[in-house]
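Read through the structure below, which is laid out as structure tokens, and then see the notes.
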Amino acid sequence: MSLPTASLGKDLVGLEDLSAEQILAILDTAEPFKEISERRIKKVPVLRGKTIVNLFFEASTRTRISFEFAEKRLSADSVNISAAVSSVSKGETLVDTARNLEAMRIDMVVMRHGASGAAQFLADRIPSNVVNAGDGRHEHPTQGLLDLLTIRDHVGKIDGLKVCIIGDILHSRVARSNIYGLLTLGAEVAVCGPPTLLPLCADEFGVEVFTRVEEAIEWAEVLNVLRLQLERMEGGYVPSLREYNRIWGVTNERLAAAKRDLLILHPGPMNRGVEIDSDVADGEHSVILDQVTNGVAVRMAVLYLLAGGQPESAEAAKQGHGA
Amino acid sequence: MSEALWLHGGRVIDPSQGVDATIDVLIVDGLVVTLGGDLRPPETARTVDCSGLIITPGLIDVHVHMREPGEEHKETIATGAAAAAAGGFTGVCAMPNTNPPVDDPAAVGFVAAQGRRAGAARVYPVGCISVGRAGERLALVGEMVDAGAVAITDDGSPVMDSGLMRLALEYSQSFGIPVADHPEDLGLSASGQMNEGLISGRLGLSGKPNAAEDIHIVRDLLLAELTGGHIHLQHVSTRFGVESIRQAKARGVRVTAEASPHHLVLTHEAVKGYLTDAKMNPPLRTSEDKEAVRDGLADGTLDTIATDHAPHHYDEKETAFADAPNGIVGLETAVGVILTKVVAEGVIDLQTMVERMSCQPARAFGLPGGSLAEGSPGDVTVFDPNVKWTVDPEDFVSKSRNSPFIGWELTGRPCYTIVGGRIVFEV
């Protein structure tokens, strides 16, 4: 199988600085990888001999498991570290954690961290490949990529498509990665949410801004509905979850008023009855589970491409052991 | 026998006397004796050849964090005073947000004594406004002044209670000292990591809006107007803040204010890449704000250039942006940055630079110096306006190296710093 190549550089920190060619290369690489997960024996030796650390400073189920499946299906050796049971809880700094991992001669780090910029920080300080699995409010690039892949699968294109991201844009790394990736691929992008949950200069991101969900539904062809973190209510950004649902919830009644059928995405985990009603989430235009399936393929593509950029993988490939 | 120092052949710029001429300066027993064209110094005088150099009244920085007591791994009064001297400063005001804070006369006495022991730049203690910097009740202001405090401030934190700020502005008038405030409405900014705007939005960092600073600047101006007290506004960074101070001065409000070198030359663009050495409070703002601060410095709305020298250990800055402390070092880069990026760019001339870095800081805080008039303290800065150099933290005298100016190529650097007629720094 001849896989397309793309130079992503050493790391995948975000989509903001990627070109359309780089993003499309990842999506195109993900296509053949989808098939691996459909096999009876879901394993290929592409990353055999590679050591990957999944370093999660924040709780994660979906993203961590998705990365883990991607790694296992490419035959990498992976180790999971969560902050609660690691030396981080003993006061070790991020840079020391990274250097210690590096001293064990690992090849890649997949990191989730609560601080914006943490992935860049790590990438600047260790020679291993760094894949950002979410840094604070900044970016969650593999989520953005799997959203792009899912939209492309279902609509057939991204260029010129009208995509609206609904919810807590201010605190959302998913929103930022979607905005950057969609704009780079030529989509028209809008954001919608309570003004308390929109960045001050949202319009300067190059997106439309709606503060009423009805206007967003009227405008869009695709809705990406973000999870409303419960702590936003405690923080006073919205008065109550019930009010949020009544005013910004994506409901069948509201969708019925649209002039066309809208593709519905949600990065999960969903608060049914808050940002999205169950009949929408489970409805015929929802592609939420396709997103999850695509997540594994996209992450395989990212790991593969980053590994291909490393000189040592060339040696391994020569011996028939890997990419 | 008297000790004499003869500074020969330099260009003397002393705005306090309207002097700008190539003349000599003679300092005897720690005091300026005379300026003149053909001085006959005593035979025992040490002669310093100042040809090609500029001689000014000693520079004074009214906003410096010495970190002692409590955070001596970042800086001590000795290293801070030496860094000040290396930066051309003959006097610095030590902020009281130490651990414990400088909120009583004993602590003020300690800072003063450590400053004398350092034997470098003069160290003027500043006391807290409130006990423990807690913002609740007035500290022992009168006794702190008796012990040597030259001003009061809760710097690092604003005084959130307007009633307390009113009391401070009233009570301080008995002692003729300014009340210095770090203007910030924490309700708007407490969680903020940088200027709130497009860059914070893109980086996913929480923001401090201009309004957080503007609200407290306007409040402080109103309270100074109400009480007749002297408010000194620290590190002004916003367009509206500068304009508000300008209007208040026109109304006769007793206000003085600072501009920091970093707010004069950098914007929030410098944060891109999550550079923790571009993280300080107030944050770097937009180019519009930067231009307003430059205009304010030029027209005198902002009286003083003050570095807000804020040393932090490299471990503390070597972390994710949100986890890094606010502040940058500034003492050793101020003269070079101001000469290269403010004076050479035509914002102010050399005379105004000396006004803002020597005469007006002395006047605003009632400090000796700021002049080379006969009988003034022999505090003198001599700098070479033409020497080119590159900022290298390995050369810093300060214990810390958290500077956004690392690697900058600057023109102009101090070569002698003289305190009380004694050379405390020379290249």
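Points worth noting:
- Summarising the amide proton neighbourhood of B:Phe425: residues at separation of 5 or more, or on other chains, whose placed amide H is nearer than 5 Å comprise B:Thr417.
- Other-chain or far-sequence residues with amide H under 5 Å of B:Asn195's (modelled H): B:Lys208, B:Leu284
- Trypsin sites (Lys or Arg not before Pro) lying in DSSP loop within the range A:193-259, provided at most 14 other Cβ fall within 10 Å: A:Arg212, A:Lys259
- The alpha carbons of the range B:1-130 stretch over 52, 33, 24 Å along the principal axes, in descending order.
- Solvent-accessible area per residue for chain B (1.4 angstrom probe, square angstrom): 34
- Note on the protein assembly as shown: with charges restricted to the Cβ of Lys and Arg (+1) and Asp and Glu (-1), its dipole about the Cα centre is near 1660 debye.
- Expected 222 nm ellipticity per residue - DSSP helices of 4 or more, -39500 (n - 2.57), all of chain B, to 500: -7500 deg cm²/dmol
- Loop-located trypsin sites (Lys or Arg not before Pro) in the range A:63-165 (DSSP state not H, G, I, E or B) with no more than 13 neighbouring Cβ atoms inside 10 Å: A:Arg105, A:Lys157.
- Sequence-ordered 3J(HN,Hα) estimates for the range A:127-144 from the Karplus curve with 6.51, -1.76 and 1.60 and θ = phi - 60° stand at x, 5, 5, 10, 10, 7, 9, x, 10, x, 9, 7, 9, 9, x, 5, 5, x Hz, glycine and proline given as x.
- Neighbouring partner chain Cβ atoms per residue of B:381-392, average, 10 Å criterion: 0
- Put simply, the convex hull of the Cα atoms in the protein assembly as shown casts, on average, a shadow of 36.2 nm².
- Pairwise burial A:B, computed as accessible area of each alone minus the pair, summed, 1.4 Å, Å²: 1400
- Mean projected area of the Cα convex hull of chain A, taken over all directions, amounts to 16.5 nm².
- The share of accessible area on the range B:58-365 that comes from carbon and sulfur is 50 percent, using a 1.4 angstrom probe.
- When the alpha carbon gyration tensor of the range A:43-86 is reduced to an equivalent ellipsoid, the three semi-axes, largest first, read 21, 11, 5 Å.
- Distance between the pseudo-spin-label points of B:Phe175 and A:Glu218 (7 Å out from Cα toward the beta carbon): 6.3 nm.
- Kirkwood hydrodynamic radius of the range A:15-173, from the reciprocal of the average inverse Cα-Cα distance over all distinct pairs: 17.1 Å.
- Across chain B, the relative contact order, built from alpha-carbon pairs under 8 Å that are at least six residues apart, equals 20 percent.
- Annotation for the range B:39-138: trypsin sites (Lys or Arg not before Pro) lying in DSSP loop with at most 13 further Cβ atoms inside 10 Å of their Cβ are B:Arg137.
- Taking a quarter of the surface of the Cα convex hull of chain B gives a mean projected area of 18.7 nm².
- Relative to the longest principal axis of the Cα atoms of chain B, the long axis of helix B:287-299 makes an angle of roughly 40 degrees.
- In chain B, the longest principal axis of the Cα atoms and the axis of helix B:105-118 are about 40 degrees apart.
- Chain lengthening between B:Thr34 and B:Arg116 when straightened (0.36 nm per residue, less Cα-Cα): 26.9 nm
- Evaluating 6.51 cos²θ - 1.76 cosθ + 1.60 at θ = phi - 60° for every residue in the range A:58-66, the Karplus couplings come out as 10, 4, 7, 10, 4, 5, 5, 5, 4 Hz, glycine and proline recorded as x.
- Rg/Rg_ref, the range B:380-427, where Rg_ref = 2.2 N^0.38 Å and atoms are Cα: 1.27
- Average other protein chain Cβ within 10 Å of Cβ, residues A:196-208: 3
- Under the Debye formula (equal points on every Cα, no solvent term), log10 I(q)/I(0) of the range A:167-323 at q = 0.14, 0.15, 0.18 Å⁻¹: -0.74, -0.82, -1.10
- Rounded FRET efficiency, nearest 0.05, which uses the C-beta distance separating B:Ala211 from A:Arg272 and R0 of 41 Å: 0.60
- Largest first, the three principal axis extents of the alpha carbons in the range B:310-427 are 52, 29, 27 Å in whole numbers.
- Amide H contacts of A:Val131 (H built 1.01 Å from N, in plane; Pro and chain starts excluded): A:Leu12, A:Val109, A:Val110, A:Met111 sit under 5 Å, all sequence-distant by 5 or more or on other chains.
- Inter-label distance, nm, simple model (7 Å from Cα along the C-beta direction), B:Thr44/B:Glu374: 2.2
- Charging the Cβ of each Asp and Glu at -1 and of each Lys and Arg at +1, and nothing else, the dipole of the range B:58-365 about its Cα centre rounds to 380 debye.
- Panel note: contact residues of the range B:294-328 (accessible area lowered by at least 40 Å² against the chain on its own; 1.4 Å probe) correspond to B:Glu318, B:Ala320.
- Across the alpha-carbon set of the range B:54-162, the Rg to Rh ratio works out to 0.99, Rh being the Kirkwood radius.
- Size of the range B:108-155 as Cα extents on the principal axes (Å, biggest first): 36, 20, 14
- Cross-linked pairs A:Lys157/B:Lys290; A:Lys34/B:Lys272; B:Lys74/B:Lys290: Cα-Cα separations exceed 32 Å for A:Lys157/B:Lys290; A:Lys34/B:Lys272.
The values are calculated or read from the model by the stated rules, or taken from the named source; none is laboratory data. In this text the structure is predicted, and so the values were computed from the model without any measurement. When we count neighbours, we look across all protein chains shown, and the Cβ atoms used for this are built from the backbone with ideal geometry, even at glycine. The accessibility values were calculated without ligands, DNA or RNA, using every heavy atom of the protein model including side chains. Shrake-Rupley method; radii C 1.70, N 1.55, O 1.52, S 1.80 Å.
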